[in-house]
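Read-outs throughout are calculated quantities, based only on the coordinates presented, and are distinct from any laboratory measurement. Please read all numbers here as calculations on a predicted model, not as lab measurements. FYI the Cβ positions are ideal-geometry reconstructions off the backbone, even for glycines, and counts take in every protein chain you see.
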Amino acid sequence: MTTTLSVNSPAIDNSHLKALNQLDIPARLLLGPGPSNADPAVLAAMDRQPIGHLDKAYLALMDEVQELMRYAWQTDNHLTLPVSGTGSAAMEATLANTIEPNDKVLVCVNGYFGHRLVDMATRYGAEVSTLHRPWGEVFTTAEIRTALATHRPAVMAMVHAETSTGVCQPMAGIGDLCREYDCLLILDTVTSLGGVPLFLDQWGVDLAYSCSQKGLSCPPGSSPFTMSDRALAKLNNRKSNVANWYLDMSLLSNYWGKGRTYHHTAPVNMTYAIREALRLLAEEGLAARWQRHQNAAERLYAGLEDMGLECHVPREYRLHTLTTVRIPDGVDGKAVTNQLIDQHNMEIGGGLGDLAGKVWRVGLMGYNATPENVDKCLAALKQVLADLG
Ligand SMILES: *Cc1c(COP(=O)(O)O)cnc(C)c1O
């Protein structure tokens, strides 16, 4: 016997839902690994009606976003577009579009996001080999050369700015090595775009991805992606379809390129947002933006040193957008981050993976990279540490 639900059935009673209050979001200062606070101008840009994603006004916006992204990355790659989704979606797009089953892929792993690249590449059927470094160290070109010579991969992937460790990988010579060994270079620039120097074409990077919610001061949901002609040639020569329909650049490039054919509905308001975020970056200028992040980071290092706190990464490899601070012996790191939220409305991150319980992660990204925020962070940390004895 089937039961018929009447319109007044208690099974669909929603009185508790009707009683919900309107949205109430606490005002946090986000000085962790991300998301970072959005620039108010970016939030204002989102606060418009959507227009059709094939509207000529929208198509014009798309062109501007692509041009702004090429500037931000210092690349001439034609295929440069925002992926609908967070940084991990754009990360997955770089792997999905380059890997055919049984391709050899080499991943350089010195932190959490290297492991994520391994996991994703494996799911696309790659034969994955890894080059490891302890969390907080960088790779040398000599060891990369040896790994390339040993494994002969079709693709090598590495992280420029490891948000889990606070390390910035020096890139000189790596792209040349990848060309010498005829492999494509994928670079994770999620925590470097809009914060620290990036020269994709000069470095010989073939594919890169980023996100909107870190150095670009935009909410999460629209993620820069780019691929070179070399990478495009591999895509065009595939025997099998890209194993991910949503992220297939052979389809997406028709919407973002000349064809303008429908693929999926663009997150229109996120395009407004990222356009404004990138416009603000161009208005400030890359050099000024990078300098502002360096100044904020150096102010933080000096303040931490005054408090007797140590950074996890040697100075020459520190990432200006994210600093890992060693938790002193006897201090409960989690109690500190909890109290920062409860008493100061301030978020800083804890450690991940090999650094869990060992470091705090302080992010100074985009809109948040100011001397005022550094001073607020140092003062709050000082007070909380004194409080907890
Ligand atoms: C944040 C981050 C990602 C993942 O981006 P999501 O937007 O969280 O999906 C990937 N790589 C690095 C280095 C990151 O910091």
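Note on Lys258: lysines with a C-alpha under 30 Å away, same-chain residues under 8 apart excluded, are Lys56, Lys234, Lys239.
Equivalent ellipsoid semi-axes for the stretch 87-214, as square roots of 5 times the alpha carbon gyration tensor eigenvalues: give them largest first, rounded to whole Å.
19, 17, 14
For Tyr246 and Thr141, the difference between the fully extended length at 0.36 nm per residue and the C-alpha to C-alpha distance is 34.3 nm.
Listed by chain and number, the aspartates and glutamates whose C-alpha is less than 19 Å from the C-alpha of Lys376, apart from same-chain residues fewer than 8 away, are Asp39, Glu298, Glu305, Asp306, Glu310, Asp342, Glu347, Asp387. For the chain, hydrophobic long helices are taken as DSSP H runs at least 20 Å long by C-alpha position along their axis with mean Kyte-Doolittle hydropathy of -1.0 or more; these are 56-73, 268-284, 286-306, 371-387.
Listed by chain and number, the lysines whose C-alpha is less than 16 Å from the C-alpha of Lys382, apart from same-chain residues fewer than 8 away, are Lys334. Of Ala57, Ala72, Ala369, the residue with the greatest mean-square motion in the GNM of the chain, using alpha carbon springs below 10 Å, is Ala57. Classify the stretch 133-184: rounded, prolate or oblate, from the alpha-carbon gyration tensor (a ≥ b ≥ c, eigenvalue square roots; a/c under 1.5 rounded; otherwise prolate if a/b is larger than b/c)? Prolate, because a/c is 1.5 or more and a/b exceeds b/c. With springs only between Cα atoms under 10 Å apart, run a GNM on the chain and tell me which of Arg28, Arg152, Arg275 wobbles the most. Of the options given, Arg28 has the highest mean-square fluctuation.
Evaluated with a Cβ-only charge set (Lys, Arg +1; Asp, Glu -1), the chain carries a dipole of roughly 560 debye about its Cα centre, given to the nearest 20.
In this simple spin-label approximation, Asp24 and Lys382 carry label points 7 Å from Cα along the Cα→Cβ vector, and these lie 3.4 nm apart. For the stretch 175-220, the Kirkwood estimate of the hydrodynamic radius, built from every pair of different alpha carbons, is 11.4 Å.
If you build a Gaussian network model of the chain, linking Cα atoms that sit under 10 Å apart, which residue out of Glu137, Glu316, Glu347 swings the most? Maximum fluctuation in the GNM of the chain, among the listed residues, is at Glu316. Close amide H contacts of Gly350 (hydrogens built in the peptide plane, cut-off under 5 Å, sequence separation of 5 or more or a different chain): Arg361.
Computed from label points 7 Å out along Cα-Cβ, the spacing between Ala288 and Asp47 is 2.5 nm.
Computed over the stretch 40-283, the alpha-carbon pair-distance distribution with 10 angstrom bins reads 8, 34, 36, 18, 4, 0, each value a whole percent. The Asn338 and Arg315 beta-carbon pair, evaluated with R₀ = 30 Å, returns a calculated FRET efficiency of approximately 0.50. Taking label positions 7 Å along the Cα-Cβ direction at both Glu372 and Arg230, the computed distance is 4.5 nm, reported to one decimal.
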